[in-house]
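**Q** First the structure, which I've put down as structure tokens, then a few questions once you've had a look.
We did not get these values from a lab; they are worked out from the coordinates using the rules stated. What you see is a predicted model, and the numbers here were worked out from it, not measured in a lab. Ideal geometry is used to build each Cβ from the backbone, glycine not excepted, and the neighbour counts take in all protein chains shown.
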Amino acid sequence: MRQNNEDKQRPEFLQLRERLNATLDLSRPRAVESRHKRGYRTARENVHDLIDADSWVEWGQLAIAAQRSRRSIEDLRESTAADGILTGLATVNAALVGKAAAQTVVICNDYTVLAGTQGYFHHHKLDRAILQARSLRLPVVMYTEGGGGRPGDEDVKTQIAGLNYPSFREWAGLGRIVPRITVNHGYCFAGNAALFGSGDIRIATRASWIGMAGPAMIEGGGLGRFEPTDIGPAESQYRNGVVDILVEDEAQATAVARQVLGYFQGPIPARDPESEIDLRTVIPEDRRWAYPVRNIIDAIVDADSFVEVGRVRGRSVVTGFIRINGVPMGLIANDCQQLGGAIDADAADKAARWYRLCERFKLPLLSLTDTPGFMVGPDSEAQAAVTRMSGMFEAGAAFGQPLIAIFLRKGYGLGAMAMTGGSFAAPTYSASWPTGEFGGMGLEGAVKLGYRKELDAITDPSEKQMRFEALVAQLYEIGKATEAAAHLEIDAVIDPRETRTVITQVLSAHGL
């Protein structure tokens, strides 16, 4: 009978265990201490915080840098463990979505190995992981910290520049098939930044610096000398849209990545909304007053399920993930506290991207509409408004998932149409709260344009203002939600308190 400890005594198994252990944090105390002194985590700490316990299956763990011709094997095994990138298969959120839906490919650049740079075997491991994600049709979470391409892999004698690596093309193309979530903390330059920027959802900590070139490349190009912290600071990249979600540290980044991944994994048990505000009274009685639309979102969706994406760019449109009755959805909403809810060029880009992302990954979309239309004027046109705003119509026309439109208040002009897939007829269901108002353009503008001669003929300012207000009130009565529903331009007018129930019923009709 075989002894239980027989394998442990054989030298090849002892050697294997020694080689594998050498790649782990316990065998690399100096590298671990260096990270911890800065308040950073190691690559393996991030991976094991992300994934479910005991689910990690690693690829390429024994790789080392292709520098055998210039460094000892012992040095390479100690200093270049896994050649600076962890790749593998694991489950994430299995307790919520089940083991089959939880399967995920994880890629984590290791900054403790040659500053997370991309070398010969590093690229092979990356390419292998991307191929596996494509073949298995699994989502990917990638931690991108690193300095880009690596000089010094002198074992490779059969390449000049190495620009024939398929990594960047394959990573970019993978987004047509599966979701890619990129996470960054620390320096992320050149090739690593290209990987980060191709992510479908991009999460970064405040201690991130992300740029298409690092200091050495910038200086080498004759563009001056800069510190790494001068290049692409996280706050700046958040404002311009490079970063979708800005968080405090690696722990929060990992938690958010896990939550975002869940929206692509399927339904989970429902939770009641956290907010208990009365939706009947949340819209001010004075139609000129603004209100915080996020309070409405929190009162409709499952508790803790709203994850906003790109909050500080294109502020008049809110985009993000939500769940209603456990069903994952995308959200677009107008924020009337920003530009009165008017959609400017940045907001149009943001909304169009959200249509495309939800279409690609088969997420239904909820539109909470309250907009006077697109932002107009010379300054707006100088921002290429014509093509950028038209992009919302193109993205809406290509959207084939369930679209539910709820009009909270204003539904005016082309902007309102763009918020609902390009036409009020596009949504699976379009309903308004009783506070809804509709028209080809904003009421005040319509009166000024349509009644200009009549108003100009009134010389008394008080009388002119009274007539103006009377005409606005007249148009308001004509364009009230109940009239729009009576003319079948929308499907219904609903009690705001029934909003969540109505959305749930529509989703159920789609088998969701």
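**Q** Using amide H atoms built 1.01 Å from N in the peptide plane, name the residues 5+ places from Val493, or on other chains, whose amide H lies under 5 Å from its own.
**A** Ser432
**Q** What's the ranking of 277-286, 92-101, 176-185, 308-317 by average number of surrounding C-beta atoms within 10 Å, highest first? Could the numbers behind the result be given before it?
**A** Details: 277-286: 12.6, 92-101: 16.0, 176-185: 22.5, 308-317: 20.5.
Taking the mean over residues of other Cβ atoms within 10 Å, the ranking is 176-185, 308-317, 92-101, 277-286.
**Q** Sticking with this one: In deg cm²/dmol, rounded to 500, what helix-only [θ] at 222 nm does the chain give when every DSSP H run of at least 4 residues adds -39500 (n - 2.57) and the total is split over its residues? Don't skip to the answer; put the middle values down first.
**A** Details: 23 runs with 201 residues, N = 512.
Estimated from H runs of four or more residues: -11000 deg cm²/dmol.
**Q** Another question, if that's okay. Highest mean first, what order results for 83-91, 124-132 on Cβ atoms within 10 Å?
**A** 83-91, 124-132
**Q** Could you work out how much longer the chain between Arg19 and Lys448 gets when fully extended? Use 0.36 nm per residue separation minus the Cα distance between them, nm to one decimal. The partial results should precede the final answer.
**A** Working: separation 429, 0.36 × 429 = 154.44 nm, distance 7.87 nm.
Extra length from Arg19 to Lys448 when fully extended: 146.6 nm.
**Q** Quick one: which residues, 5 or more positions from Gly320 or on another chain, have an amide H under 5 Å from its amide H? H modelled 1.01 Å from N in the peptide plane, none for Pro or chain starts.
**A** Val309, Leu331
**Q** Treating the beta-carbon of each Lys and Arg as +1 and of each Asp and Glu as -1, no other charges, what is the dipole magnitude of the chain about its Cα centre, to the nearest 20 debye? Intermediate results must be reported in sequence, preceding the final value.
**A** Numbers: 56 positive and 63 negative charges, 297 e Å.
With only Lys, Arg, Asp and Glu charged at Cβ, the dipole is about 1420 debye.
**Q** Need one number: nm distance between label points at Asp460 and Leu488, each 7 Å from Cα along Cα→Cβ, rounded to one decimal.
**A** 4.7
**Q** How big is the Rg/Rh ratio for the chain, C-alpha atoms only, Rh by Kirkwood, two decimals? Working shown, then result.
**A** On the way: Rg = 27.3 Å, Rh = 25.5 Å.
When Rh is taken as the Kirkwood radius, the ratio is 1.07.
**Q** Now, a different point. Cut-off is 10 Å between beta-carbons; in what order do Ile268, Ile296 appear when sorted fewest neighbours first? Walk me through the intermediate numbers first.
**A** Details: Ile268 20, Ile296 23.
Ranking Ile268, Ile296 by Cβ neighbours within 10 Å, fewest first, gives Ile268, Ile296.
**Q** What pairs in Lys448/Lys480; Lys410/Lys448; Lys37/Lys125 have C-alpha atoms more than 21 Å from each other?
**A** Details: Lys448/Lys480 19 Å; Lys410/Lys448 18 Å; Lys37/Lys125 29 Å.
Listed pairs above 21 Å: Lys37/Lys125.
**Q** Can you sort Ile478, Ile503 so the residue with the fewest Cβ neighbours within 10 Å comes first? Working shown, then result.
**A** On the way: Ile478 13, Ile503 24.
Fewest-to-most ranking of Ile478, Ile503: Ile478, Ile503.
**Q** Rounding to the nearest 10 and keeping the result within 0 to 90°, find how far the Cα-based axis of helix 250-263 lies from the longest principal axis of the chain.
**A** The two axes meet at around 60 degrees.
**Q** To continue, here is another question. In whole Hz, what ³J(HN,Hα) sequence does segment 339-355 give by Karplus (6.51, -1.76, 1.60; θ = phi - 60°), x for Gly and Pro?
**A** Per residue, the Karplus-derived 3J(HN,Hα) values read 6, x, x, 5, 8, 8, 4, 4, 5, 5, 4, 5, 5, 4, 4, 5, 4 Hz.
**Q** Work out from phi, with θ = phi - 60° and the Karplus expression 6.51 cos²θ - 1.76 cosθ + 1.60, the ³J(HN,Hα) of each residue of segment 35-46, listed in order in whole Hz, and give x for Gly and Pro.
**A** 3J(HN,Hα) across segment 35-46, in whole Hz: 5, 5, 4, 8, x, 9, 9, 7, 4, 5, 5, 5.
**Q** Could you work out how far helix 120-136 tilts from the main Cα principal axis of the chain, as a 0 to 90 degree angle to the nearest 10?
**A** Once rounded, the angle reads 50 degrees.
**Q** Please list, ordered by chain and number, the residues whose modelled amide H lies under 5 Å from the amide H of Trp209; skip anything fewer than 5 residues away on the same chain.
**A** Residues meeting the amide H criterion: Gly186, Tyr187, Cys188.
**Q** Pulled fully out, how much extra length does the chain show between Ala216 and Gln132, if you take 0.36 nm times their separation in residues and subtract their Cα-Cα distance? Spell out each step's value before the answer.
**A** Details: separation 84, 0.36 × 84 = 30.24 nm, distance 3.37 nm.
Taking 0.36 nm per residue and subtracting the Cα distance, the gain is 26.9 nm.
**Q** Shape of segment 381-474 from its Cα gyration tensor (a ≥ b ≥ c, root eigenvalues): rounded if a/c is under 1.5, otherwise prolate when a/b > b/c, or oblate? Can you show the working numbers first?
**A** Details: a/c = 4.25, a/b = 1.88, b/c = 2.26.
It is oblate, given that a/c is not under 1.5 and a/b is not larger than b/c.
**Q** If the cut-off is a Cα-Cα distance under 22 Å, which lysines reach Lys99, setting aside same-chain residues fewer than 8 apart in sequence?
**A** Cα-Cα hits under 22 Å: Lys362.
**Q** Looking at the chain only, what percent of DSSP beta bridges run antiparallel? Nearest 5 please. The partial results should precede the final answer.
**A** Numbers: 23 of 64 bridges.
Of all bridge pairs located within the chain, approximately 35 percent are antiparallel.
**Q** Turning to a different aspect of this structure: With point charges of +1 on the Cβ of Lys and Arg and -1 on the Cβ of Asp and Glu, referenced to the Cα centre of the chain, which listed residue (Gln9, Val113, Ala251) lies farthest in the positive direction of the dipole?
**A** Final value for the positive-end residue is Gln9.
**Q** With both partners inside segment 6-263, how many of the DSSP beta bridges are antiparallel, as a percent to the nearest 5?
**A** Values: 11 of 32 bridges.
Taking every DSSP beta bridge within segment 6-263, about 35 percent pair in antiparallel fashion.
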